[in-house]
Amino acid sequence: MTINATTIAPAQLLAEATRLKNEGFRFVTMSSVELDQTNMEILYHFDRDLVLTNLRVPVEKGGKLPSLSGLLFGAFLVENEIRDQFAITFDGLVLDYQGKLYSETAQTAASSPFCKYHVKAEPSPAPDSQTSNQEGK
Amino acid sequence: MARTVIPFGPQHPVLPEPIHLSLVVEDEKVVEALPTLGYVHRGLEMLAVKRDYNQMIQIVERVCGICSMIHSLCYCQGIEEMMGIQAPRRARMLRVVWSELHRLHSHLLWLGLFADSFGFESLFMQLWKIRERIMDVNESTTGNRVIVSVNVIGGVRADLDEAQIRWIKDTLIEVEASIRSLQSTIMNDATVCKRTRGIGVLTQQAAYDLGAAGPMLRGSGVAQDMRQLKYAGFDELNFEPVVETAGDCWARSTVRFRESLQSIDLVRQALDKLEPGDLAVKVKGKPEGEVITRVEQPRGECLYYLKGNGTNNLERVRIRTPTFANIPPLAAILPGLDFADVPVVVLSIDPCISCTER
């Protein structure tokens with residue numbers, strides 16, 4: 001079983017989202033899905049009259065996608081969450097928490113239980129820098 | 001005029017759970033609002049790859065206590081769809097009963113908190129007193145007051161006998177009378193109207209464009225409710241979404257008040273349609289593929305994306321809860337408000353932060 005989703009390239013995303021908005025679709029959310037060690041896909045869910053339309057956008061881990069938040073303000077929160085948890089960055093994010101939506105520095109995030117963080121902390125001159133290069137998983 | 005940044009939360013008398021808002025004010029007017037999360041983030045989605053798909057039922061129930069039954073309902077429906085099975089009719093009707101009881105006690109809890117937010121203590125106590133009757137029903141029929149844990153893949157694990165059904169119906173008569181006795185206070189009292197009418201207005205177009213959900217969406221005039229998808233036993237019940245058009249705090253409050261009465265009606269309808277039958281079907285195999293499933297929680301639309309690979313562990317459980325959808329609209333309506341109205345408006349979205357952060 002698979003969901004009904006149209007696969008598009010990242011470059012088509014803004015145009016496709018604009019089209020859906022103009023056709024009366026409501027932005028519901030995005031889902032990030034890991035495919036393998038290097039590849040992910042982001043699913044964009046839109047609703048009209050209780051029927052979901054989904055866009056599937058492939059992206060590499062640590063890659064970049066255009067942000068929908070300028071077009072659909074409601075997207076800013078989920079885009080920040082995906083950046084927090086999967087290190088995908090979004091170009092043009094209107095409210096950018098810089099990877100700290102959940103109030104954690106990269107150092108503490110690396111040790112959080114059950115969180116799938118892939119963000120490696122920047123080298124830090126702080127005394128606790130020995131722990132800052134852990135990859136949380 | 002000089003701008004001042006005032007922190008609102010994470011600990012605040014009107015907030016049942018922690019969320020922080022940085023409010024930029026000019027004199028008494030809010031000009032910007034920036035939400036900050038992270039105080040109760042638990043990474044529950046990640047547990048899907050560590051626990052088997054049956055154990056995940058107990059985990060999704062703990063995404064949120066107040067609508068725990070509806071979380072597990074959404075999850076179980078998704079797994080059932082993935083495995084090509086359907087819960088028996090009796091189980092689907094029982095799911096309606098417990099999910100509407102959850103909506104009822106959640107709305108009563110919120111209405112009480114809302115009354116408390118503008119200082120109406122006696123109304124708060126009255127509403128929570130009524131709510132206790134529903135908690136008694138939950139406890140008597142499932143063994144637990146809040147996390148009732150009735151859903152399993154393929155059906156439910158608890159049943160109602162004739163005596164319990166009669167007792168629930170009798171209890172609901174009293175609960176309905178108690179709720180109706182507060183109707184004029186909640187909807188017309190001068191104190192309530194002064195603090196809620198015309199405050200925190202979200203227009204119909206803005207609600208739709210910002211992706212609002214639940215009473216936040218319906219209070220702005222959009223007639224959308226996931227129960228229209230006719231999941232569980234809703235396909236056999238008479239149901240129309242409750243809609244108000246003012247888009248203010250009063251409209252959101254009124255939607256929840258009217259939905260409380262509607263939930264009582266839905267429980268009665270479902271109980272009347274209960275027929276003898278199995279509680280669950282046998283489950284064979286392992287979940288494989290991907291599904292999206294949606295239900296209506298007390299706070300609005302909840303979406304689960306599930307991906308299985310034919311093993312005991314799911315590859316991905318993605319949960320979009322209604323408060324997560326309602327935070328952007330909240331951030332959009334706060335600018336322009338008087339600072340004194342912020343607590344009431346924040347509470348009017350019925351924020352569930354443990355749901356939001358998972």
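Of the residues making up segment B:138-159, just one is over 22 Å from B:Cys74 (Cβ atoms) and in contact with a helix residue (DSSP H, G or I) (Cβ under 8 Å, 6 or more places away or on another chain), namely B:Ser140. If the condition is being within 11 Å of another protein chain (Cβ to nearest Cβ) and not in a loop (DSSP other than H, G, I, E, B), then segment B:206-239 contributes B:Ala206, B:Ala207, B:Tyr208, B:Asp209, B:Leu217, B:Met226, B:Arg227, B:Gln228, B:Leu229. Any residue at all in segment A:35-48 that's closer than 24 Å to B:Arg227 by Cα, modelled with pLDDT of 90 or more and out of contact with any Ser or Thr (no Cβ under 9 Å at 6 or more places or on another chain)? Taking every residue of segment A:35-48 in turn, at least one turns out to be closer than 24 Å to B:Arg227 by Cα, modelled with pLDDT of 90 or more and out of contact with any Ser or Thr (no Cβ under 9 Å at 6 or more places or on another chain). If the condition is being buried (at least 17 other Cβ atoms within 10 Å of the Cβ) and more than 18 Å from A:Asp84 (Cβ to Cβ), then segment A:22-43 contributes A:Phe25, A:Arg26, A:Phe27, A:Val28. The set of residues in segment A:37-62 being assigned to a loop (DSSP other than H, G, I, E, B) and within 11 Å of chain B (Cβ to nearest Cβ) consists of A:Asp49, A:Leu50. In this entry, B:Lys282 is excluded by the filter for residues that are in contact with a Phe, Trp or Tyr (Cβ under 8 Å, 6 or more places away or on another chain), part of a loop (DSSP other than H, G, I, E, B) and away from every other protein chain (no Cβ under 12 Å).
Scanning segment A:80-101 for residues that are of a type in the set (Val, Ile, Thr) and part of a helix (DSSP H, G or I) yields a count of 1.
Return yes when A:Thr29 is assigned to a strand (DSSP E or B) and not basic (Lys, Arg) and no when it is not. Step through it out loud before you land on a result.
Values: assigned to a strand (DSSP E or B): yes; not basic (Lys, Arg): yes.
So A:Thr29 passes the test.
Select from segment B:313-340 the residues that are away from chain A (no Cβ under 12 Å) and farther than 13 Å from B:Val31 by Cα and write down the one among them that is surrounded by the most Cβ atoms within 10 Å (Cβ to Cβ). Give the derivation first.
Of all residues in segment B:313-340, those away from chain A (no Cβ under 12 Å) come to B:313, B:334-340.
This time we only want the ones that are farther than 13 Å from B:Val31 by Cα, so: B:313, B:340.
On the way: B:Asn313: 17, B:Ala340: 11.
Here the residue is B:Asn313.
Residues in segment B:42-55 that are within 13 Å of chain A (Cβ to nearest Cβ) and assigned to a helix (DSSP H, G or I): B:Leu44, B:Glu45, B:Met46, B:Leu47, B:Ala48, B:Val49. Note on segment B:242-279: residues that are more than 25 Å from B:Met135 (Cα to Cα) and within 25 Å of the chain's Cα centre (by Cα) total 9.
Quick check on my filter: what residues within segment B:115-149 are polar (S, T, N, Q) and either in contact (Cβ under 8 Å) with a residue 60 or more places away in the chain or crowded, with 18+ Cβ neighbours inside 10 Å (or both)? Hits for segment B:115-149 are B:Ser117, B:Gln126, B:Asn138, B:Thr141, B:Thr142, B:Ser149.
From the set of residues in segment B:160-207 that are polar (S, T, N, Q) and within 23 Å of the chain's Cα centre (by Cα), which is surrounded by the most Cβ atoms within 10 Å (Cβ to Cβ)? Residue satisfying both the conditions and the ranking: B:Thr196.
Does B:Gly289 satisfy the condition of being surrounded by fewer than 24 Cβ atoms within 10 Å (Cβ to Cβ), in a strand (DSSP E or B) and not β-branched (Val, Ile, Thr)? Yes: the conditions hold for B:Gly289. I need the full set of residues from segment B:12-41 which are away from chain A (no Cβ under 14 Å), in a loop (DSSP other than H, G, I, E, B) and either over 11 Å from B:Val346 (Cβ atoms) or not hydrophobic (A, V, I, L, M, F, W, C) (or both), in order please. Of everything in segment B:12-41, those that are away from chain A (no Cβ under 14 Å), in a loop (DSSP other than H, G, I, E, B) and either over 11 Å from B:Val346 (Cβ atoms) or not hydrophobic (A, V, I, L, M, F, W, C) (or both) turn out to be B:His12, B:Pro13, B:Pro16, B:Glu17, B:Asp27, B:Glu28. Being crowded, with 16+ Cβ neighbours inside 10 Å, in a helix (DSSP H, G or I) and within 13 Å of the chain's Cα centre (by Cα) is true of A:Leu77.
The values are calculated or read from the model by the stated rules, or taken from the named source; none is laboratory data. A quick note: this is a predicted structure, and the numbers were derived from the prediction, not measured. Note that we place each Cβ from the backbone using ideal geometry, even for glycine, and neighbour counts take in every protein chain shown.
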